[in-house]
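For reference, the structure discussed in these notes is given below.
The values are calculated or read from the model by the stated rules, or taken from the named source; none is laboratory data. Just so you know, these numbers come straight off a predicted model, no measurement behind them. Glycine gets a Cβ as well: all are built from the backbone with ideal geometry, and neighbour counts include every protein chain shown. Side chains included, ligands, DNA and RNA excluded: accessible areas come from the protein's heavy atoms. Shrake-Rupley method; radii C 1.70, N 1.55, O 1.52, S 1.80 Å.
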Amino acid sequence: MAEGNPLFHVSNVRNRLREIVGASTNWSDHQEAMAERVTLLSKLAKSQNDLPAKRMEDSYLEVHLPLGSEPQLREKYLTFHNTVRFGRILEDLDSLAVLISYSHTYNPAVKRSPLSIVTALVDKIDMRQHIVYPDCDIKFTGHVTWVGKTSIEAKMHMSQYCDGAYAPVLDATFVMVARDPENKRAAFVNPLKPVGPEEEKLFQEGEANKSRRVELSTASLLKVAPTDEERKIVHNLFLNTLDPKTVSFRSRVLPPNSVWMEDAKLKGLEICHPQERNIFNRIFGGFLMRKAYELGWANACSYGGYRPSLVAVDDILFQKPVEIGSLLLLSSQVCYTQGKHIQVRVHSEVFDPLTQQHNTTNVFHFTFMSDRDVPNVIPKTYGESMLYLDGKRHFNQTVDH
């Protein structure tokens, strides 16, 4: 599939995105350019049938991050412990998913794309290798694998050059949505025409992913009661914390080698500056993912007492865009543990100091693994028990995957 498709240096990905939508690198010009995008409304398709079908190879991209051959790039990606900052990789994956989607919707007759394509969901990131070396070249590849009427699924793979060959590091699935030039309403995208059994299989997997997401959303603990089995788990956790000396529902005792959930939190605050904006003058989704990941990692690290490695990123939902100038509050919570594994949920919300209003923008789910068994996290309230069960569901999905 790679034949004749563009090769990008990682630093060119954002530049290419700016060209596609006509955005500027300068903050004051950028606002003007965004206002001009309104004139592109007439270029939108009235229905998906008006757009030509595309093939998977039309959106195939290969992007190089030459950490080995260009040492000056390393500093941005380097951790204190001489590994690669995974938060930076999340930023690159987010930009690449957007560029793949624009490659799918590319129309040579239009100079600037009328579509505003943004990340709706990080469906899954599975780690195939836990160590990423800071002095070996990295390659990202990816293409569109499924489309709906206004949404696009992009699958990406990251590999690293070691011992004379590229070895797989991670697989990622992102879901993007297309909106009008003002980023207000949904807009149609080109249909996708799978060619051959391999592409047909990828397309069917995309359909299955969509059905699974609908199913999970329907069964959400925010909407329906836990299953019988889950209710038993919660009740057993409760019984294990009752004080045998007092026959009382109120008197709770922490079991050995355990931590109350309320003591397994970490919080952070970000002021969203113009520097962190995306091509549509909102805060870049990759930046939000990096900040949430770093807070979640720090929480898992302090909880387990060791530097954890990432196993999977799961189900990051972008509910609302984050405006420049916002105060972003990040709350991280260890919500489930099993053996060496730590499941962390990071909730991000925008706080408006003038109106005193809080709005949830994202929820992130990370699975980490410590070097040794970690204490059991124990919920005390009903709300914490629901967080525990939700964490268990996410963990089981990751492990069963």
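Inside region 140-158, can you point out the residues that are under 13 Å from Leu93 (Cβ atoms) and out of contact with any Gly (no Cβ under 7 Å at 6 or more places or on another chain)? Matches in region 140-158: Phe140, Thr141, Gly142, Met158.
Residues of region 1-54 that are modelled with pLDDT under 85, open to solvent by 70 Å² or more (accessible area, probe 1.4 Å) and under 30 Å from Gly196 (Cβ atoms): Met1, Glu3, Gly4, Leu7. The residue of region 178-201 that is modelled with the lowest pLDDT, among those that are open to solvent by less than 40 Å² (accessible area, probe 1.4 Å) and within 23 Å of the chain's Cα centre (by Cα), is Asn183.
Listed by first and then second residue, the pairs linking a residue in region 343-367 that is not assigned by the TED database to the domain that holds Val259 to a residue that is among the aromatic types (Phe, Trp, Tyr) and in a loop (DSSP other than H, G, I, E, B), with Cβ atoms under 8 Å apart and 6 or more places separating them unless they lie on different chains, form an empty list. Could you go through region 52-59 and let me know if any residue there is in the same structural domain as Val21 (by the TED database) and closer than 16 Å to Phe174 by Cβ. Within region 52-59, one or more residues are in the same structural domain as Val21 (by the TED database) and closer than 16 Å to Phe174 by Cβ. For residues in region 367-381 being open to solvent by less than 40 Å² (accessible area, probe 1.4 Å) and either at pLDDT below 95 or not in a strand (DSSP E or B) (or both), which is farthest from Trp260 (Cα to Cα)? For region 367-381, the residue satisfying everything is Ser370. The listed residues are Arg277, Arg282, Arg307, and the only one of them that is basic (Lys, Arg), touching a residue at least 24 places away in the same chain (Cβ under 8 Å) and under 17 Å from Phe86 (Cα atoms) turns out to be Arg307.
Within region 350-364, is even one residue part of a strand (DSSP E or B), open to solvent by 10 Å² or more (accessible area, probe 1.4 Å) and of a type in the set (Phe, Trp, Tyr)? Yes; the residues of region 350-364 include at least one that is part of a strand (DSSP E or B), open to solvent by 10 Å² or more (accessible area, probe 1.4 Å) and of a type in the set (Phe, Trp, Tyr). Count of region 112-162 residues, restricted to those that are assigned to a strand (DSSP E or B), touching a Ser or Thr at 6+ places or on another chain (Cβ under 6 Å), open to solvent by 10 Å² or more (accessible area, probe 1.4 Å) and at pLDDT below 95, is 1.
When Glu199 is tested against (1) outside any strand (DSSP E or B); (2) more than 30 Å from Asp50 (Cα to Cα), exactly one condition is not met: (2). Could you list all residues from region 301-316 that are within 18 Å of the chain's Cα centre (by Cα) and either over 20 Å from Gly285 (Cα atoms) or basic (Lys, Arg) (or both)? Of everything in region 301-316, those that are within 18 Å of the chain's Cα centre (by Cα) and either over 20 Å from Gly285 (Cα atoms) or basic (Lys, Arg) (or both) turn out to be Ser309, Val311.
Scoring Leu269 on the criteria (1) part of a helix (DSSP H, G or I); (2) of a type in the set (A, V, I, L, M); (3) open to solvent by 50 Å² or more (accessible area, probe 1.4 Å) leaves a single failure, condition (1). Would you pick out the residues in region 80-133 that are among the aromatic types (Phe, Trp, Tyr) and more than 19 Å from the chain's Cα centre (by Cα)? Residues satisfying the conditions are Phe80, Tyr106, Tyr133. The set of residues in region 215-240 being modelled with pLDDT of 85 or more, open to solvent by 50 Å² or more (accessible area, probe 1.4 Å) and within 28 Å of the chain's Cα centre (by Cα) consists of Val224, Ala225, Thr227.
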